[in-house]
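Presented below is the structure to which this report refers.
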Amino acid sequence: MDNGVGFLGVLGLVMLSTLFSIGGGNGQVAMIQGQWVSNGLLDPALFAWAFALGHFTPGPKVSFVTAIGYYMAGIPGAIAAMIGIVIPTSLGASLASHWYQRFQRIINHVSISASMVIAGMMSTAAIGLAQPLEPSWIELTGIGLVTFLVVWRRPDPVLIVLGSGVIGAIVWFARSALPG
Amino acid sequence: MSSTEPGNNSVNKIVASGPVPVTPVPLLSLALVFLKMGALTFGGMWAAFSRIEADLVHRRGWISADTQRAMMITAALIPAPKFLAFGGMVGYRLRGFTGSVVSLVCLMIPGSLLVLAGAMLLRQGAEGTLLAAVQHSITLGIVGLLLGNAANMAQSSRLTGWRLFAGIVIAVMIPLMTLLFGVPLLVMALLGLVSGAIVIRPEQESDEHG
């Protein structure tokens, strides 16, 4: 964990990324990918594993940031990630409850374009996550199929994660069984 | 759900009513309810709709069904993870800011502890091992999942005509400028939000301005 990020680094980035979570868009994914994965501070496989854990566990899916915080700065990092989610969210929720009518116009304006901005951020995260893996054309086809499936049927993400893991295991066993 | 859909006026009135607890709710009860919710709900806020309604509306009578729906819609519109934002809004309504923090923390703790346990158990697999192969494969699956979710998110904007075109330009410029030209993602996201708010106005307002 000698990446120089530390408690405050985790806290700062997670707090900032929370602002890009309008409408369920996972702003954290894009920000963490952009700041830590693409800069080589966090391995893409660990990032993906943390993201998968968020879907396997109960409660809000954003709890995956706890694992990211742990990978970046140990237990203090995990705590920082939780605080980084709780502070801006409780402020935002309280303000929204109290002054909803006052902020409604701004929220309406921002939320319309936010979907497209978050779509762009998620695409950036996806491409940035795939780049260091240098996927083969077969793997690129697989990514395309998963993308199509998600758009077409909107399956539970847990099924995607489980399916991908099973395929990876089958391919590994098949390669191990082959001579040479 | 779009904020311009019918029914949002009533949403405003219900949500804007602030911290007005019908009966004083002890913080401990609030904490226990949200701990349970955090431990037993899967699939996010909308998937947990019925369970939340059964507990908060029918069993305890802390909020009305209308208030629950209004809060869920609002939670999806503010810049925060929506399930947590919903928890924070319920907590705020029942016990003010302290209630908001308590409900949020308790909603997050069960999942976070399990995630942390998973992260501690499994670290990066050595090259050529089964674990590394599975992690590689899961990463590729998540790339597809993110791309699919990005497409679904773009579809959910329900933009049409030139507003859709402007939205697509904004969405495409973000990965393009970030990955090809090294512009920081945060800068591009903020630029996208600002330019989107200026260019893509709500339909009614856009019509009024010709």
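The values are calculated or read from the model by the stated rules, or taken from the named source; none is laboratory data. Keep in mind that this is a model prediction, so the values were computed, not measured. Cβ atoms come from the backbone with ideal geometry, glycine included; neighbour counts cover every protein chain shown. Only protein heavy atoms, including side chains, enter the accessible area calculation; ligands, DNA and RNA are left aside. Shrake-Rupley method; radii C 1.70, N 1.55, O 1.52, S 1.80 Å.
Quick notes on this structure:
- The lone exception for B:Gly18 - which of (1) at pLDDT 80 or above; (2) over 15 Å from the mean Cα position of the chain (by Cα) it fails: (1)
- So A:Val151, is it open to solvent by 30 Å² or more (accessible area, probe 1.4 Å) and of a type in the set (Val, Ile, Thr): yes
- Among the residues of the range B:78-100, just one is assigned to a helix (DSSP H, G or I), free of Cβ contacts under 8 Å to residues at least 12 places away in the same chain and within 17 Å of the chain's Cα centre (by Cα), namely B:Ala85.
- The range A:129-139, residues that are more than 7 Å from chain B (Cβ to nearest Cβ) and more than 17 Å from the chain's Cα centre (by Cα): A:Glu134, A:Ser136, A:Trp137, A:Ile138
- Any hit, the range B:111-127, residues being within 8 Å of chain A (Cβ to nearest Cβ), surrounded by 17 or more Cβ atoms within 10 Å (Cβ to Cβ) and touching a residue at least 24 places away in the same chain (Cβ under 8 Å): yes
- Test: A:Gly142 is over 27 Å from A:Pro58 (Cβ atoms), over 17 Å from the mean Cα position of the chain (by Cα), of a type in the set (Gly, Ala, Ser) and in a helix (DSSP H, G or I): yes
- Filter pass, A:Leu145 being at the interface with another protein chain (Cβ under 8 Å from one of its Cβ atoms), over 30 Å from B:Val101 (Cβ atoms) and at pLDDT 95 or above: yes
- Every residue from the range A:35-82 that is among the β-branched types (Val, Ile, Thr), facing another protein chain (nearest Cβ under 8 Å) and in contact (Cβ under 8 Å) with a residue 40 or more places away in the chain: A:Val62
- Filter result for B:Thr139 (free of Cβ contacts under 8 Å to residues at least 60 places away in the same chain, of a type in the set (S, T, N, Q) and open to solvent by 10 Å² or more (accessible area, probe 1.4 Å)): no
- Only listed residue being under 29 Å from A:Val14 (Cβ atoms), modelled with pLDDT under 90 and open to solvent by less than 20 Å² (accessible area, probe 1.4 Å), chosen from B:Gly182, B:Gly192: B:Gly192
- Test set (1) buried (at least 18 other Cβ atoms within 10 Å of the Cβ); (2) at the interface with chain A (Cβ under 8 Å from one of its Cβ atoms) - B:Ser103 fails condition number: (2)
- In the range B:153-174, the residue that is surrounded by the fewest Cβ atoms within 10 Å (Cβ to Cβ) out of those that are facing another protein chain (nearest Cβ under 7 Å) and modelled with pLDDT under 85 is B:Ser156.
- Among the residues of the range B:74-94, none qualifies, meaning not one is surrounded by fewer than 22 Cβ atoms within 10 Å (Cβ to Cβ), basic (Lys, Arg) and within 22 Å of A:Val158 (Cα to Cα).
- Breaking point among (1) buried (at least 24 other Cβ atoms within 10 Å of the Cβ); (2) over 15 Å from the mean Cα position of the chain (by Cα); (3) at pLDDT below 85, for A:Ile118: (2)
- Yes/no for A:Ile32 being facing another protein chain (nearest Cβ under 8 Å), crowded, with 24+ Cβ neighbours inside 10 Å and part of a helix (DSSP H, G or I): no
- Qualifying residue in the range B:41-63 (condition: part of a loop (DSSP other than H, G, I, E, B), buried (at least 17 other Cβ atoms within 10 Å of the Cβ) and on the phi > 0 side of the Ramachandran plot): yes
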